[in-house]
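First the structure, in the form of structure tokens, and then the observations on it.
The values are calculated or read from the model by the stated rules, or taken from the named source; none is laboratory data. Treat the numbers as computed from the prediction; the structure is a model and nothing was measured. Here the Cβ positions follow ideal geometry from the backbone for every residue, glycine too, while neighbour counts run over all protein chains shown.
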Amino acid sequence: MRKTYRFKLESPGRFKQQLFAWSRQFDQVVCLDSNTENSTGAAFDCAFALGSLASLATQAGTAFQALKDFREAHPDWMFGYLGYDLKNELENLSSNNTDVLGFPDLHFVVPQRLIILKGEICSFSYPEDLIDLIIPDLQGIRATLVDMPVEYTNTEKSIRVRLRTTKDTYFERFDKIQHHLQRGDIYETNFCQEFYAMDATIDPWRIYDHLNAIAEAPFSTFVRFDDHYILSSSPERYLKRNGARVISQPIKGTAKRGATPEEDLALKEALENNPKERSENIMITDLVRNDLSQLAVPGTVQVEALCELHSFKQVHQLISTVAAEVPENTNSVALIEATFPMGSMTGAPKLAAMQIAEAQEDFKRGVYSGAIGYFDPKGDFDFNVVIRSILYNAQKGYLSFPVGGAITAAANAKDEYEECLLKAKAMREVLENNS
């Protein structure tokens with residue numbers, strides 16, 4: 001059992017900075033940050049799950065059953081991630097591409113300390129045997145010095161970013177995918193490539209701070225599980241459950257921000273009216289409707305928003321919202337099983353799209369294209385889509401930030417390649433200029 005104590009904060013933004021810096025002392029850290037983006041309907045502005053009372057780390061095979069068992073054994077808050085390659089236990093698929101990162105396919109922890117920020121209220125939820133630490137922890141957080149200089153100094157070895165797939169190879173693989181599209185094997189697939197660096201030494205907390213300041217994404221996450229780090233500036237929600245209500249919000253359609261208000265408006269209007277981008281979004285929205293209908297109460301699956309334009313600091317996006325009602329006794333892990341991986345990272349039809357993408361990609365996606373989030377004690381949950389993310393294995397010194405895009409029959413190789421570079425821009429900028 002946890003006990004919860006609440007405090008009113010004078011400066012929630014500064015307290016969050018102090019809390020993030022204070023979290024450096026923990027080997028198990030999950031921070032979920034909406035960056036005060038109220039439109040997402042998140043249960044909180046920010047949550048820090050620190051330390052571990054129990055953990056589950058496993059590979060694809062029987063991972064979903066293991067997660068069900070783990071949740072039954074620990075009906076508590078739990079935070080973690082689901083890797084894309086869990087697809088291999090849901091379908092007759094495999095992942096034989098290069099995997100240097102070596103993360104587990106699934107990793108969750110039941111945290112010792114859970115600190116949640118919502119508006120001006122900060123909640124400390126600790127197990128009964130740790131409640132004597134709440135006041136000392138609060139004092140320690142408030143005493144933590146935070147210095148946020150505008151310019152970051154070069155304290156680490158410079159990062160040399162490489163592309164695992166050359167531009168020429170990308171174009172060749174694109175043509176192979178187009179052959180499948182023209183033949184009618186698929187309508188759309190998500191084709192990804194990996195940017196990476198070897199012998200990399202970074203300060204994950206500082207890099208995340210800078211990445212988050214650049215993007216201010218509504219589903220940002222910082223994860224540390226020992227030597228495994230995930231620094232994510234994701235704008236996309238995969239799946240959220242609140243009682244009987246479930247929503248998914250696929251993103252398809254991306255445009256850069258303009259240098260002037262006039263250019264920005266023109267780019268927004270062009271994206272909203274782009275038939276290719278809209279068709280990509282509509283195809284995936286339909287796939288998500290189909291996924292949710294497997295466990296939904298008949299007749300309750302609804303598209304509440306279609307190709308709605310959202311603007312972020314670096315990009316404009318088209319986002320759709322699909323909602324459904326599920327029976328109250330529906331197992332939360334079963335809901336994820338029925339819809340995983342998210343359609344925006346696979347394509348349609350889902351199985352064929354995953355097979356074709358896997359055959360053309362040069363790396364194992366792992367955590368990328370998966371989901372990070374939490375379950376609460378009631379079984380409600382909220383998970384993002386792991387995109388715009390830096391993955392780092394500190395022990396190996398290996399750093400990776402994949403990007404991808406939807407390929408349809410109407411797609412152009414040059415435009416898709418440039419979209420990948422746009423999506424990689426913030427992460428590359430943080431690593432190459434500020435490491």
Counted residues in segment 194-217 being in contact with a Lys or Arg (Cβ under 8 Å, 6 or more places away or on another chain) and under 17 Å from Lys313 (Cα atoms) come to 4
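Within segment 182-200, take every residue that is under 25 Å from Gly347 (Cβ atoms) and of a type in the set (Asp, Glu) and give me the one that is modelled with the lowest pLDDT. Walk me through it before giving the result.
Here is the first cut: in segment 182-200, the residues under 25 Å from Gly347 (Cβ atoms) are 182-196.
With the extra rule that they be of a type in the set (Asp, Glu), the set shrinks to 185, 188, 194.
Details: Asp185: 97, Glu188: 94, Glu194: 97.
Looking at the filtered set, the residue picked out is Glu188.
When you scan segment 299-320, do you find a residue that is assigned to a helix (DSSP H, G or I), farther than 23 Å from Ala66 by Cα and free of Cβ contacts under 8 Å to residues at least 12 places away in the same chain, even just one? Even if it seems obvious, please write down each step before you answer.
Applying the first criterion (assigned to a helix (DSSP H, G or I)) to segment 299-320 yields none.
Scanning segment 299-320, I find no residue that is assigned to a helix (DSSP H, G or I), farther than 23 Å from Ala66 by Cα and free of Cβ contacts under 8 Å to residues at least 12 places away in the same chain, so the answer is no.
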Those residues of segment 201-246 which are modelled with pLDDT of 95 or more, surrounded by fewer than 21 Cβ atoms within 10 Å (Cβ to Cβ) and among the hydrophobic types (A, V, I, L, M, F, W, C) amount to Trp205, Ala244
Could you tell me whether Ser400 is hydroxyl-bearing (Ser, Thr, Tyr) and either in contact with a Ser or Thr (Cβ under 7 Å, 6 or more places away or on another chain) or closer than 30 Å to Met198 by Cα (or both)? yes
Only unsatisfied item for Val315, checking (1) crowded, with 22+ Cβ neighbours inside 10 Å; (2) at pLDDT 95 or above; (3) under 21 Å from the mean Cα position of the chain (by Cα); (4) of a type outside the set (Asp, Glu), is (2)
Within segment 335-355, identify whether any single residue is farther than 25 Å from Tyr187 by Cα and acidic (Asp, Glu), and answer yes or no. no
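Hey, could you check segment 13-29 for residues that are of a type in the set (S, T, N, Q) and closer than 16 Å to Gln139 by Cβ and say which is surrounded by the most Cβ atoms within 10 Å (Cβ to Cβ)? Before you say what the answer is, go through the steps one by one.
The first filter runs over segment 13-29 and keeps only residues of a type in the set (S, T, N, Q), leaving 17-18, 23, 25, 28.
Still in the list and also closer than 16 Å to Gln139 by Cβ: 18, 23, 25.
Numbers: Gln18: 18, Ser23: 23, Gln25: 10.
Only one residue fits best here, namely Ser23.
Report yes if Gly102 is surrounded by 17 or more Cβ atoms within 10 Å (Cβ to Cβ), of a type in the set (Gly, Ala, Ser) and under 30 Å from Ala424 (Cβ atoms), otherwise no.
On the way: surrounded by 17 or more Cβ atoms within 10 Å (Cβ to Cβ): no; of a type in the set (Gly, Ala, Ser): yes; under 30 Å from Ala424 (Cβ atoms): yes.
It is false that Gly102 is surrounded by 17 or more Cβ atoms within 10 Å (Cβ to Cβ), of a type in the set (Gly, Ala, Ser) and under 30 Å from Ala424 (Cβ atoms).
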Residue check: is Leu32 among the hydrophobic types (A, V, I, L, M, F, W, C), surrounded by 19 or more Cβ atoms within 10 Å (Cβ to Cβ) and within 20 Å of Phe340 (Cβ to Cβ)? yes
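With Val386, Val367, Val403 as the choices, which residue is in contact with a Cys (Cβ under 6 Å, 6 or more places away or on another chain), β-branched (Val, Ile, Thr) and under 22 Å from Gly102 (Cβ atoms)? Working first, answer last.
Numbers: Val386 fails: in contact with a Cys (Cβ under 6 Å, 6 or more places away or on another chain); Val367 fails: in contact with a Cys (Cβ under 6 Å, 6 or more places away or on another chain).
Just a single option satisfies the conditions, and that option is Val403.
Each row is one residue, and each column tells you yes or no for (1) in contact with a helix residue (DSSP H, G or I) (Cβ under 7 Å, 6 or more places away or on another chain); (2) farther than 16 Å from Cys46 by Cβ.
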residue	(1), (2)
Val109	no, yes
Glu128	no, yes
Ile134	no, yes
Gly140	yes, yes
Val146	yes, no
Among the residues of segment 187-239, count how many are not in a strand (DSSP E or B) and not aromatic (Phe, Trp, Tyr). 23
Of (1) in a helix (DSSP H, G or I); (2) surrounded by 14 or more Cβ atoms within 10 Å (Cβ to Cβ), Glu263 satisfies all except one. Which? (2)
Filter result (surrounded by fewer than 20 Cβ atoms within 10 Å (Cβ to Cβ) and either basic (Lys, Arg) or touching a Gly at 6+ places or on another chain (Cβ under 8 Å) (or both)) within segment 393-410: Asn393, Lys396
Can you tell me how many residues within segment 172-200 are of a type outside the set (Phe, Trp, Tyr) and surrounded by 15 or more Cβ atoms within 10 Å (Cβ to Cβ)? 15
State whether the residues of segment 334-355 include one that is under 16 Å from Val403 (Cα atoms), out of contact with any helix residue (DSSP H, G or I) (no Cβ under 7 Å at 6 or more places or on another chain), β-branched (Val, Ile, Thr) and surrounded by 18 or more Cβ atoms within 10 Å (Cβ to Cβ). no
Is segment 83-90 home to any residue that is under 21 Å from Ser369 (Cβ atoms), free of Cβ contacts under 8 Å to residues at least 60 places away in the same chain and surrounded by fewer than 22 Cβ atoms within 10 Å (Cβ to Cβ)? yes
Can you spot a residue in segment 274-293 that is out of contact with any Leu (no Cβ under 9 Å at 6 or more places or on another chain), at pLDDT below 95, in a loop (DSSP other than H, G, I, E, B) and surrounded by fewer than 17 Cβ atoms within 10 Å (Cβ to Cβ)? no
